[in-house]
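Colleague: Here you go, one structure.
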Amino acid sequence: MSNDSAAAMEQTIQSESLEHVFVEFPDLNGVSRGKQVAADVFLEKWQEGFSMNLTVLEAGALDDWDADSYYGVSTDFADGTLHPLPETFKLTPWRADTGRVLCEFTYEGEPVEAYTRSALARVLDDLAELDLEATAGSELEFSLLEETADGYEPFTAYDHDCVMSATEVAAPFYDRLSDWAEPFDVPLTLMHHEDGAGQLEVLFEHGTPMEVADRAFDFKRLVTEAARPTDWEATFMTKPFTGASANGYHLHIGLFRDGDNVLADDDTDDRQLSATGRAFVGGVLDHAEAITALTCPTVNALKRFVPETFAPYTASWGYNNRSTAVRIPQSDPVRVETRIPAAEANPYLTTAAVLAAGIHGIRNETDPGEPGTGYVTEGRRLPRTPGLALRALEDDDVLRAALGEELVQVYLDAKRAELDAFVEEVTDWEQRYIEII
């Protein structure tokens, strides 16, 4: 913690006459949780921290909770402590009298291992042992939906990939999003209408992995709040409708040593990967099934993997090939784009998992094989069911060690409970059997 950032936070709260401070943190699913604290109470107590029930870290994506949860039983259902990080303090543009600060999460003075922001910090420490520094960038897709008497419909009626007139329909939403983005320190670079009806994609600037994970977390919050005054519902759900385009989360990683790009082959002129770059890709592909479990976190998310689309279908890679799990864009500097994650993924867990897999690849000089061309449908298929993905994660000793045994176990327990609840639910699709069987 910097004394300068702490002083700046306190001064802003006082000079802006704030009434409230949101004390926030990402849960296992990347959902923003926390408390609204009166500003004067925050100024008095922020250095000692604020209590928070440990079991909120274990809630499922639908906010369900298991009475036998890991942290509940092992701690006798105790509280942990949220410690505000002054360098993350921001004014909330949708609430004129309020600020927001992210936190670290501890229990009895020690970091909570299942806190995903801390897991990313641990992986970045591991990267530093290789004398490497990483950059990251994010592309996030989401859907704007209109609520109708029959449920939800996309805010545009047809597929409009980069059609400007369709993009302009979202102007009331985007103007608000753009106005709020700068004061909330989420530097947007562009927005366009994506391939699916009602689907948008927004890109923002590259930065350090933690900065970009924080931005992705903040961006989701910003999108939700910007949509609230309109008649639209913003969702990062992967596939809101049968047959519709799915929302993905493309994570870009650059690697540098002493300012030099270690992913690039300096002996070629066509932006080819170096041996280190190939090994990083090989590591990501080696752990693709476990990465799928961590970055496609709901029963809906895996419905994105359809052959001959711009979503991946196999554990594959290619140069500028949008059908592969790992793509090397036609970019300068050379970077690696992982296309497995769904839009609803936790950005901290996503970044940590991809980096941990790539680090393992570098250490073991893993060969990724030959790059794929065209629609890549041959090779190891990515898991199409949550059960297969979760089993792959359970069996992946490398990612378990890198991310933390407690975190992985808590994740497995939460996702299996969610899967059990889904399996027990009778859907409208199944009820078609009534007139047949």
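Colleague: So how many residues does the stretch 411-437 have that are in a loop (DSSP other than H, G, I, E, B), open to solvent by 100 Å² or more (accessible area, probe 1.4 Å) and closer than 30 Å to Val56 by Cβ? Before the answer, list the steps.
Modeller: Going through the stretch 411-437, the residues in a loop (DSSP other than H, G, I, E, B) turn out to be 425-429, 436-437.
Adding the requirement that they be open to solvent by 100 Å² or more (accessible area, probe 1.4 Å) leaves 425, 428-429, 436-437.
Adding the requirement that they be closer than 30 Å to Val56 by Cβ leaves 425.
Number of matching residues: 1.
Colleague: Same structure, new question: Pairs under 8 Å by beta carbon, first residue at negative phi and without any contact (Cβ under 8 Å) to a residue 12 or more places away in the chain in the stretch 135-153, partner open to solvent by 30 Å² or more (accessible area, probe 1.4 Å) and not hydroxyl-bearing (Ser, Thr, Tyr), six or more apart or different chains?
Modeller: As it stands, the answer is none, since no pair meets every condition given.
Colleague: Would you mind listing the strands (runs of 3 or more DSSP E) fully within the stretch 31-149 where at least 3 residues are surrounded by 14 or more Cβ atoms within 10 Å (Cβ to Cβ) and of a type in the set (Asp, Glu)? Steps first, answer last, please.
Modeller: Working: elements: 32-38, 50-53, 79-84, 98-107, 133-148.
Result: 133-148.
Colleague: Report yes if Gly283 is on the phi < 0 side of the Ramachandran plot and touching a strand residue (DSSP E or B) at 6+ places or on another chain (Cβ under 7 Å), otherwise no.
Modeller: Working: on the phi < 0 side of the Ramachandran plot: yes; touching a strand residue (DSSP E or B) at 6+ places or on another chain (Cβ under 7 Å): no.
When the stated conditions are applied, Gly283 does not pass them.
Colleague: In the stretch 10-30, what count of residues is obtained for those that are farther than 30 Å from Leu294 by Cα, in a loop (DSSP other than H, G, I, E, B) and small (Gly, Ala, Ser)?
Modeller: Start the filter on the stretch 10-30 by keeping residues that are farther than 30 Å from Leu294 by Cα, which leaves 10-21.
Filter once more, so that each one left must be in a loop (DSSP other than H, G, I, E, B): 16-19.
Filter once more, so that each one left must be small (Gly, Ala, Ser): 17.
Looking only at that region, the number is 1.
Colleague: Continuing with the same structure: Are any of the residues in the stretch 192-215 at pLDDT 90 or above, surrounded by fewer than 22 Cβ atoms within 10 Å (Cβ to Cβ) and of a type in the set (Asp, Glu)?
Modeller: yes
Colleague: Follow-up. Surrounded by fewer than 21 Cβ atoms within 10 Å (Cβ to Cβ), basic (Lys, Arg) and within 21 Å of Glu378 (Cβ to Cβ), is that true of Arg322?
Modeller: yes
Colleague: Between residues in the stretch 1-26 that are open to solvent by 80 Å² or more (accessible area, probe 1.4 Å) and residues that are β-branched (Val, Ile, Thr) and in a strand (DSSP E or B), which pairs lie under 9 Å by C-beta distance while being six or more apart or on different chains?
Modeller: Partner pairs satisfying both residue conditions: Glu19/Thr98.
Colleague: Looking only at the stretch 287-314, count how many residues are under 27 Å from Gln409 (Cβ atoms) and open to solvent by 20 Å² or more (accessible area, probe 1.4 Å).
Modeller: 5
Colleague: Please enumerate the residues belonging to the stretch 143-166 that are charged (D, E, K, R) and either closer than 11 Å to Leu200 by Cα or modelled with pLDDT under 70 (or both). First the steps, then the outcome.
Modeller: As a first pass, look at the stretch 143-166 and keep what is charged (D, E, K, R): 146-147, 150, 153, 159, 161.
Scanning the stretch 143-166 gives Asp159, Asp161.
Colleague: If you don't mind, there's one more thing I want to ask. So which strands (runs of 3 or more DSSP E) are wholly in the stretch 293-342 and hold at least 2 residues that are free of Cβ contacts under 8 Å to residues at least 40 places away in the same chain?
Modeller: Values: elements: 317-319, 326-328, 336-338.
Output list is empty.
Colleague: Quick one: what pairs do we get from the stretch 377-392, first residue over 7 Å from Glu289 (Cβ atoms), second assigned to a helix (DSSP H, G or I) and open to solvent by 30 Å² or more (accessible area, probe 1.4 Å), C-beta under 6 Å, 6+ apart or different chains?
Modeller: Pro386/Leu419
Colleague: Does Pro347 satisfy the condition of being open to solvent by less than 10 Å² (accessible area, probe 1.4 Å) and touching a Phe, Trp or Tyr at 6+ places or on another chain (Cβ under 7 Å)? Can you show your working first?
Modeller: On the way: open to solvent by less than 10 Å² (accessible area, probe 1.4 Å): yes; touching a Phe, Trp or Tyr at 6+ places or on another chain (Cβ under 7 Å): yes.
So Pro347 fits the description; yes.
The values are calculated or read from the model by the stated rules, or taken from the named source; none is laboratory data. Remember, it's a predicted structure, so these values are computed and weren't measured experimentally. All Cβ positions, glycine included, derive from the backbone under ideal geometry; neighbour counts span all protein chains shown. Surface accessibility is based on the protein's heavy atoms, side chains included, excluding ligands, DNA and RNA. Shrake-Rupley method; radii C 1.70, N 1.55, O 1.52, S 1.80 Å.
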